[in-house]
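The values are calculated or read from the model by the stated rules, or taken from the named source; none is laboratory data. None of these values were measured; they are calculated from a predicted model. Please note: Cβ atoms are built from the backbone with ideal geometry, for glycine as well, and neighbour counts cover all protein chains shown. Ligands, DNA and RNA are stripped out before the accessible areas are found, and what is left, the full protein with its side chains, is counted by its heavy atoms. Shrake-Rupley method; radii C 1.70, N 1.55, O 1.52, S 1.80 Å.
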Amino acid sequence: MSQPAVVLHTTSANASDDQVTLDQVISEIAARREEFERLSHVPRDIIARLKQARVFRASTPQCFGGDALAPHLFFDIVERIAVADGSAAWVAGFGSANVYLAALPYATQQQIYQTGPDQVFSGALYPVQAAQRDGDGWRVNGRWKFASGCKGADWLGVGIGGPNNGGQAGKPLTAVLPPDQVSIVDNWNVVGMQGTGSHDLQVNDRHVDDAWTFVRGSSAIIDEPLYRYPAVSYQAGVHAAVNLGLARAALNTVTAMSGGKLTTTGAPRLADRPHFRIQLARSEAQYLSARAFFYASSAQAWDLITRGNLMTPEETNMLRLSAIHAAHAAAAVVQECYKLGGIAAIYQQHPLQRIVRDSMVVTQHAFLGESSYDGAGAVLAGVPPFAGYP
């Protein structure tokens with residue numbers, strides 16, 4: 001399905017004043033996606049272009065010049081990028097991560113945004129590393145995994161633990177550091193989402209003041225609607241939006257294949273086969289249905305919040321459930337498209353290969369894995385869910 005062009009521009013100190021459309025950036029991403037996979041990260045010039053398109057101010061507080069965009073509107077941006085490339089969309093999705101930074105003291109946030117609202121925050125919280133009290137802060141050492149987008153980040157977060165560190169069950173204390181105090185261990189070698197650059201982070205004997213730490217998912221000190229939206233649900237939704245975009249890309253790919261020349265064996269074109277047409281229609285309906293539930297849940301939550309209401313656990317559960325369902329339904333659509341692609345889809349350079357691999361990775365994320373259905377089901381059944389859910 002085609003999407004309307006959205007003109008996004010910025011006038012911050014760390015981004016160009018030139019007007020940039022999101023569609024322009026998406027075209028660049030589509031042309032360079034093989035480069036991202038080869039490099040194992042999205043390079044900084046593309047990060048800069050995403051900043052120009054306002055992507056990385058989407059969750060920056062308005063009081064610091066940001067957009068504090070409604071989550072469902074940001075999901076649409078991520079989904080559109082994912083149609084071009086899953087890895088770039090995953091990294092762009094961290095334009096939502098500044099909702100976590102909103103829990104930091106106001107003076108700390110002033111320092112973060114002093115050069116402008118287009119700040120990229122990347123975190124690697126696990127495995128949580130023990131930290132020792134060190135005056136007015138913590139002495140941080142250790143190594144952490146899955147720091148997606150770390151090579152393009154302006155700020156990095158790592159998960160620390162220790163006696164009386166202020167953390168909560170399932171929510172580690174996060175220490176925020178500038179990139180020059182963190183080493184990136186270049187070890188991201190995976191089946192899918194190779195371009196996300198989710199390398200390990202290493203920190204050696206660094207002091208981090210209390211003012212630069214927060215509990216992930218804790219209440220924000222910024223009084224704007226976005227920071228009353230459940231932070232973990234927001235992040236789960238961002239990742240799910242990537243898979244929705246990949247499903248759209250897979251459907252577009254097989255649709256384009258369907259009217260082509262006769263197959264190698266001389267069999268009818270895909271479009272002339274009843275089985276192909278039936279499954280294509282079913283897959284389109286599956287994608288649109290999951291997408292509708294996903295976006296409706298987020299828009300309803302936003303409406304509640306902007307009218308001054310607090311979200312109940314049941315309402316928050318719908319956000320998580322809709323994201324989990326969207327991620328898995330979209331992955332199933334991708335698999336069906338791969339089957340519809342036939343023998344042509346087995347070649348390494350076929351676009352469905354990359355789409356299949358990337359979509360598999362999304363469903364493995366801790367926020368979206370099969371076990372997350374257990375948490376959602378527990379809330380529906382009226383029994384306590386596992387720690388940290390929803």
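In debye, nearest 20, what is the charge dipole magnitude of the stretch 78-189 about its Cα centre with +1 on Lys and Arg Cβ and -1 on Asp and Glu Cβ, if you could check? Before the final figure, lay out each step's value.
Values: 7 positive and 8 negative charges, 68 e Å.
So the magnitude is around 320 debye.
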Legend entry - Cα extents of the stretch 286-390 along the three principal axes, largest first (Å): 52, 28, 18
Legend entry - Phi to ³J(HN,Hα) by Karplus 6.51 cos²θ - 1.76 cosθ + 1.60 over the stretch 228-234, Hz, x for Gly, Pro: 9, 6, x, 5, 5, 4, 4
Legend entry - Derived scalar couplings ³J(HN,Hα) [the stretch 317-327; Karplus, 6.51 cos²θ - 1.76 cosθ + 1.60; whole Hz; x for Gly, Pro]: 4, 5, 4, 5, 4, 5, 6, 4, 5, 4, 4
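Taking R0 as 30 Å, what FRET efficiency do you get between L39 and N252 from their Cβ-Cβ distance, rounded to the nearest 0.05? Mind showing how you got there, number by number?
Details: r = 25 Å, r/R0 = 0.85.
Efficiency, from the Cβ-Cβ distance: 0.75.
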Legend entry - Gyration tensor over alpha-carbon atoms, the chain, equivalent ellipsoid semi-axes in Å: 36, 23, 21
Inset, instruction - Quantify, in whole percent, the carbon and sulfur part of the accessible surface of the stretch 173-327 (1.4 Å probe; protein heavy atoms only). - result: 54 percent
Legend entry - the stretch 30-57-the stretch 78-114 distance, computed between alpha-carbon centres (Å): 14 Å
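Could you calculate, for the stretch 280-331, the ratio of the Cα radius of gyration to the Kirkwood radius, expressed as Rg to Rh?
Values: Rg = 12.7 Å, Rh = 11.6 Å.
My calculation puts Rg/Rh at 1.09.
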Legend entry - Cα gyration tensor shape for the stretch 45-86, rounded if a/c is under 1.5, else prolate or oblate: oblate
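So what is the relative contact order for the stretch 16-126, in percent, with contacts set as C-alpha pairs under 8 Å and at least six apart? Intermediate results must be reported in sequence, preceding the final value.
Working: 119 pairs, mean separation 32.3, N = 111.
Contact order relative to length: 29 percent.
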Legend entry - Residue of K145, K51, K339 that the Gaussian network model of the chain assigns the largest fluctuation, springs spanning Cα pairs under 10 Å: K339
Inset, instruction - Could you check which residue among A247, A271, A89 shows the biggest mean-square fluctuation in a GNM of the chain with a 10 Å Cα cutoff? - result: A271
Legend entry - Residue-normalised accessible area of the stretch 37-120, expressed per residue, 1.4 Å probe, Å²: 27 Å²
Inset, instruction - Could you check which residue among V379, V42, V356 shows the biggest mean-square fluctuation in a GNM of the chain with a 10 Å Cα cutoff? - result: V379
Inset, instruction - Could you tell me whether the stretch 51-112 comes out rounded, prolate or oblate from its Cα gyration tensor? Rule is a ≥ b ≥ c as square roots of the eigenvalues, rounded for a/c under 1.5, then prolate if a/b exceeds b/c, otherwise oblate. - result: prolate
Inset, instruction - Per residue of the stretch 65-77, in order, report the coupling 6.51 cos²θ - 1.76 cosθ + 1.60 (Karplus, θ = phi - 60°) as ³J(HN,Hα) in whole Hz, putting x for Gly and Pro. - result: x, x, 9, 6, 5, 4, x, 5, 6, 6, 4, 4, 4
